[in-house]
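Inspection log for the structure reproduced underneath, given as structure tokens.
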Amino acid sequence: MLDNCNGMHIKVVFLQPGPNAAFMNRLVAKATGGFCHVELIFPDVQRNQWLATSIHSNESLYLRTDKTFSNPGYTVLCLWITGEECCRMRQFAHKQFESNIQFDETGMYLALLPVQLFAARVGKTFCSKYVLDCLQHTGIPALQQYNSNIISPSKLWSILYKHERCVVGALHSRMQDLQNNDKTPLLHLLDA
């Protein structure tokens, strides 16, 4: 199901906030072009399951198998990577998780500027920085040129959307079949 010696798809999931979303989410989306959050979903081949990883405001970085994507504002980009690239990315994500990385609110706001003004803060990150850092650990040459300290979810979308390994999908279309109150983990729906 998840393992392919020649390669696999990973998912980069972007969130467009609705009108009732938190102010910070609406501000980030408005200031940067539409998206306020990004998550990475990749296979844990040993356990034959998908892992979702990112970070939310005032929380620590997470790796979860029970993530629900019940918000209809989610859109998915799939990236084709080799098994080796996925292994490097997965190792980085696990190392960051084990280091108990915390949310960097200051860094998130500074990322809205066109240039980096301060050094990255050790032990802290924000969603788009973390996801790009993970993707850069794949070793894909075209992703190495970007500074993760000044990346927004919308800017990351623009970079990945144009990438030759990208396939666009829409997670929200699959969720319409679920009941509004159903909180069943949706990672299994990503196998397609």
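The values are calculated or read from the model by the stated rules, or taken from the named source; none is laboratory data. Given the structure is predicted, the values throughout are model-derived calculations rather than measurements. A quick note on method: Cβ atoms are made from the backbone with ideal geometry, for glycine too, and the neighbour counts reach across all protein chains shown.
Of the conditions (1) polar (S, T, N, Q); (2) surrounded by 14 or more Cβ atoms within 10 Å (Cβ to Cβ); (3) modelled with pLDDT of 85 or more, Gln116 clears all except one; give me its number.
With respect to (1) polar (S, T, N, Q); (2) surrounded by 14 or more Cβ atoms within 10 Å (Cβ to Cβ); (3) modelled with pLDDT of 85 or more, Gln116 is out only on (3).
Looking at (1) buried (at least 17 other Cβ atoms within 10 Å of the Cβ); (2) within 15 Å of Ser60 (Cα to Cα); (3) at pLDDT below 95, find the lone condition where Val122 falls short.
Single failed check for Val122: (1).
Under the condition of being farther than 21 Å from Met8 by Cβ and of a type in the set (S, T, N, Q), which residue from the stretch 85-113 is modelled with the lowest pLDDT? First the steps, then the outcome.
First, the residues of the stretch 85-113 that are farther than 21 Å from Met8 by Cβ: 98-113.
So of that shortlist, the ones also of a type in the set (S, T, N, Q) come out as 99-100, 102, 106.
Numbers: Ser99: 96, Asn100: 95, Gln102: 96, Thr106: 90.
This residue is Thr106.
Pick out, from the stretch 1-100, the strands (runs of 3 or more DSSP E) lying fully within it that include 1 or more residues that are touching a residue at least 40 places away in the same chain (Cβ under 8 Å) and in contact with a His (Cβ under 8 Å, 6 or more places away or on another chain).
Of the strands (runs of 3 or more DSSP E) lying wholly inside the stretch 1-100, those with at least 1 residues that are touching a residue at least 40 places away in the same chain (Cβ under 8 Å) and in contact with a His (Cβ under 8 Å, 6 or more places away or on another chain) span 8-15, 37-44, 49-54, 74-81.
From the list Arg64, Arg26, pick out the single residue that is under 26 Å from His137 (Cα atoms), surrounded by fewer than 20 Cβ atoms within 10 Å (Cβ to Cβ) and of a type in the set (Lys, Arg).
Just one listed residue meets the conditions, Arg64.
Return only the number of the condition from (1) within 16 Å of Leu15 (Cβ to Cβ); (2) surrounded by fewer than 19 Cβ atoms within 10 Å (Cβ to Cβ); (3) among the hydroxyl-bearing types (Ser, Thr, Tyr) that Thr82 does not satisfy.
That leaves (1) as the condition not met.
Which residues, taken from the stretch 101-119, are more than 12 Å from Ser54 (Cα to Cα), assigned to a loop (DSSP other than H, G, I, E, B) and within 18 Å of the chain's Cα centre (by Cα)? Spell out how you get there, then give the answer.
Of the stretch 101-119, the ones more than 12 Å from Ser54 (Cα to Cα) are 104-119.
Within this subset, residues satisfying the condition of being assigned to a loop (DSSP other than H, G, I, E, B) are 104, 111-119.
Hits for the stretch 101-119 are Asp104, Ala111, Leu112.
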